[in-house]
Amino acid sequence: MLLLYNAGIRLYFAAVWLASFFNKKAKLWINGRKERAFIRYQESIWFHFASLGEFEQGRPVLEELRTLYPDDKIVITFFSPSGYEIRKNTPFADAVYYLPLDTAENARKFIDTIQPKLAIFTKYDYWYHFFNEVNKRGIPLYVVSAIFRPGQVFFKWYGGFYRKLLRFVNYFFVQDEGSRQLLEGIGIKNVIVSGDTRFDRVWANAQHPKFIPGINEFKNGAKTFIAGSTWPQDEQLVAALVREYPEWKFIIAPHEVSEEKINRLMAMLPGGKSIRYSLITNHQSPISNLNIMVIDNIGILSSLYQYGDIAYIGGGFGAGIHNTLEAAAFGLPVIFGPNYSRFKEANDLIALKAGFSIADEKQLAGITDTLITDEAFYNSTSKKILAYVKEHIGATKAIVDHIVNGEQ
């Protein structure tokens, strides 16, 4: 099975290399992994994140350990360009790299160079050779905010190789009881149900959100609908909604902000009523006269929700929804598309009637109208979603306490 795994890793690399000739993300992925010098440390703490979302999820643990061990070197690796390119200059790390391709030689060289005294992975990204290498050297390996589902390969009859990989982990800090039971069902008992560190991250952000220039001027006291991390199908629905509520303000923050994507979105929206965020300072008339703002940069969405009243979370017509908790931490009722079943918090919010899944334009208009016109329903929903977030904070302390003081 290891031979097949190694072959699969190389085939994946070859596929991305071919894609890099016409795909920007693939090109970044390849160029970021070209031969480069890693800084040699005598000792470090190694954090790995698959992408930007996992970085934000694991950030509370990273910040806490940075505070507790200010003299230790912190090394961060990313698998995806969306994480590396945005956080490559984070002040929380001494070095930030793309994770080298998972081969035995790369794992050995990388570990030799950074010399981690412990390794922390967030949620997922299980790499055989890196896990095997830290295990052979007796380096404690933790996976935080992990979550497992019955359909994953670890729990299939043919998943023996991947179950072996899980046994390289010293402790899993899982989000829910179901994950603990799945792991214990395959003989893995070094599991602690600590919860999801994203709650700590979004709660901290909501208590001290960044001020975003121009938004209050645009709102001018009006109720505001924020659509975050949207994809084209999401944007089509929101564009239709704009025409139904001319007294509301709409802020749309697309998942991708290339010039092509932004121009396509702007073409969907009513002429003369919308503006790109980057152009507000040069707008001739007051921006309060406009109804729609399109965010054409990355990095402000999590604080943008402080200005909203209702949130629509994109991705639910594709692979899955984006982060609902960033909006929930501000007490915003959240609406999203139908593909949410893999996301625990979305299922929780649906059960609480504090989150709402829609399948088409009519359903989006229906729930939006109810939230707008029924003040009691809106207030009840807002209170429930805020209480849900507050009830789930605390995972970071449980994880860090165990790493610092607990059994390894």
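The values are calculated or read from the model by the stated rules, or taken from the named source; none is laboratory data. Since we're looking at a predicted model, the values are computed, not measured. Note: ideal-geometry Cβ built from the backbone for every residue, glycine included; neighbour counts use all protein chains shown. Remember, those area values only see protein heavy atoms, side chains included, never the ligands or the DNA or RNA. Shrake-Rupley method; radii C 1.70, N 1.55, O 1.52, S 1.80 Å.
Only residues that are β-branched (Val, Ile, Thr) and without any contact (Cβ under 8 Å) to a residue 24 or more places away in the chain were counted in the range 144-173, giving 1. For Phe131, the test of being closer than 22 Å to Gly406 by Cα, aromatic (Phe, Trp, Tyr) and assigned to a loop (DSSP other than H, G, I, E, B) is failed. Can you find, within the range 174-194, the residue that is surrounded by the most Cβ atoms within 10 Å (Cβ to Cβ) among those that are without any contact (Cβ under 8 Å) to a residue 60 or more places away in the chain and of a type in the set (A, V, I, L, M)? In this case the residue turns out to be Val174.
In the range 204-226, how many residues are part of a loop (DSSP other than H, G, I, E, B) and in contact with a Phe, Trp or Tyr (Cβ under 6 Å, 6 or more places away or on another chain)? Total satisfying the criteria: 1. Taking the conditions (1) exposed (fewer than 14 other Cβ atoms within 10 Å of the Cβ); (2) β-branched (Val, Ile, Thr); (3) part of a loop (DSSP other than H, G, I, E, B) in turn, Ile321 satisfies each one other than (1). Taking Ser229 and the conditions (1) part of a strand (DSSP E or B); (2) open to solvent by less than 10 Å² (accessible area, probe 1.4 Å), which numbered condition does it fall short on, given that it satisfies the others? Only one criterion is unmet by Ser229, namely (2). Residues of the range 341-359 that are assigned to a loop (DSSP other than H, G, I, E, B) and open to solvent by 50 Å² or more (accessible area, probe 1.4 Å): Ser341, Arg342, Lys353, Ala359.
State which residue is nearest to the chain's Cα centre (by Cα) when the search covers only the range 14-42 and only residues that are under 26 Å from Gln115 (Cα atoms) and surrounded by 16 or more Cβ atoms within 10 Å (Cβ to Cβ).
The extreme case among them is Trp29.
Of the residues Phe154, Phe161, Phe199, the single one that is within 25 Å of the chain's Cα centre (by Cα) and either more than 30 Å from Gly308 (Cβ to Cβ) or of a type in the set (A, V, I, L, M) (or both) is Phe154. Considering only residues in the range 249-271 that are touching a Phe, Trp or Tyr at 6+ places or on another chain (Cβ under 9 Å) and modelled with pLDDT under 95, the one that is least open to solvent (accessible area, probe 1.4 Å) turns out to be Leu269. Of all residues in the range 353-365, none satisfies being among the basic types (Lys, Arg) and closer than 24 Å to Ala146 by Cα.
When Ser380, Ser302 are screened for being under 23 Å from the mean Cα position of the chain (by Cα) and polar (S, T, N, Q), only Ser302 passes.
The set of residues in the range 334-356 being out of contact with any Gly (no Cβ under 7 Å at 6 or more places or on another chain) and either small (Gly, Ala, Ser) or touching a residue at least 24 places away in the same chain (Cβ under 8 Å) (or both) consists of Ile335, Ser341, Lys344, Glu345, Asp348, Ala351, Leu352, Lys353, Ala354, Gly355.
In the range 48-79, which residues are among the polar types (S, T, N, Q) and surrounded by fewer than 22 Cβ atoms within 10 Å (Cβ to Cβ)?
Ser51, Thr67
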